Amino acid sequence: MAEPFDGTYTTSEEWFDSGGTRCAARVYRPGAADEPAPVVVMAHGFGAVRALRLYAYAERFAAAGYAVVVFDYRNFGESEGEPRQVLDVAMQHEDWRAALRHARSLDGIDPTRVVAWGTSFAGGHVITLAGQGEPLAAVIAQVPHVSGPAAVRSAGLRAALRVGVPGIRDAIGARLGREPVYVDSVGLPGHTAMMTSPDAYPGMHTLLIESGLKEDAYPHTVAARIALRIGLYSPRRWAAKVECPALVQIVAQDAITPQRVAERAAGKMRNSTVRIYDGGHFDPYVEPLFATVIADQIEFLHHHVPTWAKGRA
């Protein structure tokens, strides 16, 4: 059985380099650990930042005996990088790999027991990285983006066209060296935004409140060029090559990542654990669903990446 932990932990604000740009990372170190700890590396979803409820997860992982590295992507949150709010899939993959390298280099960490935790868009990233051969002890993919075409279909043709126009303007402007054209990350149905499902705007507002953030704490926009790429990004293509244990958490009423698409992607993984909950895309982050979701994540970790050393009972 697992070593008892006293639930204490320390935190430090650190930086790591990704592509010549400094990325901000908060590192949690569990208390009462007398051997190298496994580490969970975490990043947020589409256009979001780590302060948006990820610390709530990290605190519970640290209290359970895991080290945690929570980072912001380049151009977002407290990380550096210009121009701001530019979401580029390849860059975010580079940031993930840099964050994983940083985690493995930390004192008191077991570099062979690294877990990649991603939610929504980042849930797709961790599936992709694992499928591409990144050495991971496990992945946790919460409400993951797995199919670009499915995401576009779920949003609807009109919503896609609304963001497609500024997306084209932004893509052309980027080639000409102009400042980005921005669109809102979330918006009300019928508005021009990347996510306009009925639960998107209220869901994001709830996350802000539960995180103790003001409405203007960080920009709720992304460079519109990503609208032209989102339909081309399908992490499910890598699902069959994911060999490490994977926890895939799905919500039944997800209007952004449909349940059936996520289930099919999880079914391609060799060692997947699937959990399905009632609720919408933004519900896992807050109560009442949060308690169940985080409990399932910790149970999964204790089973596949225990906090005690290999070979110990």
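Each value in this text was obtained by applying a stated rule to the coordinates, not by laboratory testing. Not measured: the values here are computed from a predicted model. Cβ: placed from backbone, ideal geometry, glycine included. Neighbour counts: every protein chain shown.
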- request: Please determine, by comparing only the residues of segment 158-190 that are touching a Gly at 6+ places or on another chain (Cβ under 9 Å) and in a helix (DSSP H, G or I), which one is nearest to ALA227 (Cα to Cα).
  value: ALA160
- line: The number of residues in segment 56-70 that are buried (at least 24 other Cβ atoms within 10 Å of the Cβ), of a type in the set (Gly, Ala, Ser) and part of a loop (DSSP other than H, G, I, E, B) is 1
task: Scan segment 28-48 and give yes if some residue there is among the hydroxyl-bearing types (Ser, Thr, Tyr), touching a residue at least 40 places away in the same chain (Cβ under 8 Å) and closer than 26 Å to ALA223 by Cα, otherwise no.
output: no
message: Out of the residues in segment 267-313 meeting the condition of being in a helix (DSSP H, G or I), without any contact (Cβ under 8 Å) to a residue 40 or more places away in the chain and among the hydrophobic types (A, V, I, L, M, F, W, C), tell me which one is farthest from PRO202 (Cα to Cα).
response: ALA295
query: Do we have any residue at all in segment 88-111 that's surrounded by fewer than 24 Cβ atoms within 10 Å (Cβ to Cβ), in contact with a Gly (Cβ under 8 Å, 6 or more places away or on another chain) and in a loop (DSSP other than H, G, I, E, B)?
result: no
message: Just to be sure before I move on: is MET204 under 27 Å from THR128 (Cα atoms) and assigned to a helix (DSSP H, G or I) in the structure I sent?
response: yes
- request: For THR21, work out the one condition from (1) among the β-branched types (Val, Ile, Thr); (2) out of contact with any strand residue (DSSP E or B) (no Cβ under 6 Å at 6 or more places or on another chain); (3) more than 26 Å from GLY123 (Cα to Cα) it doesn't fulfil.
  value: (3)
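For every residue, the table says whether it meets (1) surrounded by fewer than 23 Cβ atoms within 10 Å (Cβ to Cβ); (2) more than 16 Å from GLY47 (Cβ to Cβ); (3) of a type in the set (Gly, Ala, Ser); (4) under 19 Å from the mean Cα position of the chain (by Cα).
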residue: ALA138; (1), (2), (3), (4): no, yes, yes, yes
residue: HIS145; (1), (2), (3), (4): no, no, no, yes
residue: PRO149; (1), (2), (3), (4): yes, yes, no, no
residue: VAL152; (1), (2), (3), (4): yes, yes, no, no
residue: PRO198; (1), (2), (3), (4): yes, yes, no, no
residue: TRP238; (1), (2), (3), (4): yes, yes, no, yes
